[in-house]
1. Can you name the residue in the range 436-452 that is over 11 Å from the mean Cα position of the chain (by Cα) and charged (D, E, K, R) and is also surrounded by the most Cβ atoms within 10 Å (Cβ to Cβ) among such residues?
2. In the range 321-345, what count of residues is obtained for those that are under 18 Å from residue 388 (Cβ atoms), outside any helix (DSSP H, G or I) and at pLDDT 85 or above?
3. Considering only residues of the range 264-291 that are of a type in the set (A, V, I, L, M) and over 30 Å from the mean Cα position of the chain (by Cα), which is surrounded by the most Cβ atoms within 10 Å (Cβ to Cβ)?
4. Is at least one residue of the range 186-200 touching a residue at least 24 places away in the same chain (Cβ under 8 Å), within 15 Å of residue 429 (Cα to Cα) and either open to solvent by 40 Å² or more (accessible area, probe 1.4 Å) or assigned to a helix (DSSP H, G or I) (or both)?
5. For residue 151, work out the one condition from (1) assigned to a helix (DSSP H, G or I); (2) closer than 30 Å to residue 453 by Cα; (3) not charged (D, E, K, R) it doesn't fulfil.
6. Given the residues 149, 104, 168, which is the only one that is in contact (Cβ under 8 Å) with a residue 24 or more places away in the chain, closer than 30 Å to residue 229 by Cβ, surrounded by 11 or more Cβ atoms within 10 Å (Cβ to Cβ) and in contact with a helix residue (DSSP H, G or I) (Cβ under 9 Å, 6 or more places away or on another chain)?
7. Across the range 292-318, which residue is farthest from residue 355 (Cα to Cα) among those that are open to solvent by less than 30 Å² (accessible area, probe 1.4 Å) and assigned to a helix (DSSP H, G or I)?
8. What's the number of the condition residue 213 fails, among (1) farther than 30 Å from residue 177 by Cα; (2) modelled with pLDDT under 95; (3) open to solvent by less than 50 Å² (accessible area, probe 1.4 Å)?
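The values are calculated or read from the model by the stated rules, or taken from the named source; none is laboratory data. Remember, it's a predicted structure, so these values are computed and weren't measured experimentally. All Cβ positions, even for glycine, are placed from backbone atoms using ideal geometry, and neighbour counts span all protein chains on display. SASA here: full protein model, heavy atoms, side chains in, ligands and nucleic acids out. Shrake-Rupley method; radii C 1.70, N 1.55, O 1.52, S 1.80 Å.
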Amino acid sequence: MDTPSSTCDEGSEELDARSQSDYADFDDLGGRHRHRREPSSDVSSECSGEPGSPYASSSPYPRWPVHALPARVPPPLLKRLSTTRRAGGAVREGKAGGDGELQLIKERFSKLLLGEDMSGSGKGVSTSVAISNAITNLYATVFGSCHRLEPLPAEKKSMWRREMDCLLSVCDYIVEFFPSKEMLRDGTTREVMATRPRPDIYVNLPALEKLDDMLLEILDSFQKTEFWYVNDKGHKDADAAATPCRPASQRGDDKWWLPVPCVTKPGLTETARRDLQQKRDCASQIHKAAMAINNSVLADIRIPDPYKQALPKCGRASVGDLIYRHMSFPGKFSPEYVLDCLEISSEHEALEAADRVEAAMHVWRRKASQSHSRSPWSAVKDLMESDKNVMLASRAEDVLLCLKQRFPGLSQTTLDASKIQYNKDVGQAILESYSRVLESLAYNIVTCIDDVLFADEAARKIA
């Protein structure tokens, strides 16, 4: 039988071990979230969950690494904040030292807590809107003036990665509970509630980080190129032996402020042209992937009540007679033909048409769901295929999808902006804003490559 003193000593040792573990977790906050998503090789072997491993777990996500505590207390937090880890275990250094990093964290999270209301009176926006605005504003600061195919300046790349690490670290603490079992020292087991990453964040966030790295790699690859850009004064950035100082651009006069690429008179070499086409295809695939994630996240966000209240009572009044006649025709339906009939010539007209079609789609969905108020739209669609409102809503969805594919750089619709404004889920806000800015960056890269290929084609025709 243990004496009281020995029992007390064991309890104090256990308490000291827990305190040291908690301190180690807190002290590793500066670079923690990168470890959790993509572990390095030495950590992943320990966290594989194999029998006999101290980190074996009954989690349904066995590939999600468990953070390994060091044998001793790590250095102070200020010394560890100067470096963070990216995927693959590569260490990257921030521009500022530990004090600057800590000051950045204080500033960012103070603004998030205040909801962008610096008066502290509680009139700020929600945390989800604040963090969405923070990611959007950071993208505008870093990539807003990047209209050329060239490597991102080192200070801007450091700012983007450092501040995105800070904002994305919130996702490390967005978890869900699941029943699990814990093994006690005496060999008995007990049921406990363990935590795991929320499924949407577990799946989408590592994918977005990979797309982010791929886009930066594409920009970094434009070190030595066979093209250059005309500066604002109309002078070439290279010698005078090249073709036209300011060639015609495929953009026309809509975006006259953007730089125009130039190439030599014979045009690009076959190797350079093939390399550009490969990079364009890669950026295009990244754009489609980011857009798919963004559409999936937006679809999961609940439609706000103010938008529902502003919907018209009749879908026909929203889309107009021309679109309604084509959509209500009982025969074969072609969304491309409907858009051709509209003769949309600008992104402004496309956005206006998208708003009208999307509003009518939700009006028809609401009418079709009135008799099945407790069923989701997918169930209503399967039960009522013969209903005219179901047919109209389905065709309106096809027109909206075709319109977004025809105008990939289309701005947010009224519904999308309303969902972002009234959304309260922080995880969805991060995924939506992150995927949106990556979608925009990928689209800009594709457009810039198209400009170079257009200039190359024009130069080859002249030669």
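1. The residue in question is 451.
2. In the first step, residues of the range 321-345 are kept if they are under 18 Å from residue 388 (Cβ atoms); the result is 321, 323-333, 335, 338.
The next check asks that each one be outside any helix (DSSP H, G or I); those that pass are 329-333.
Now restrict to residues that are at pLDDT 85 or above: 333.
Final tally of qualifying residues: 1.
3. It comes out as 268.
4. Restricting attention to the range 186-200, the residues satisfying the condition of being touching a residue at least 24 places away in the same chain (Cβ under 8 Å) are 194, 196-198, 200.
Restricting the remaining residues to those that are within 15 Å of residue 429 (Cα to Cα) gives 198, 200.
So of that shortlist, the ones also either open to solvent by 40 Å² or more (accessible area, probe 1.4 Å) or assigned to a helix (DSSP H, G or I) (or both) come out as 198, 200.
Yes.
5. For residue 151, the exception is condition (1).
6. 149
7. 293
8. With (1) farther than 30 Å from residue 177 by Cα; (2) modelled with pLDDT under 95; (3) open to solvent by less than 50 Å² (accessible area, probe 1.4 Å) applied to residue 213, the lone miss is (2).
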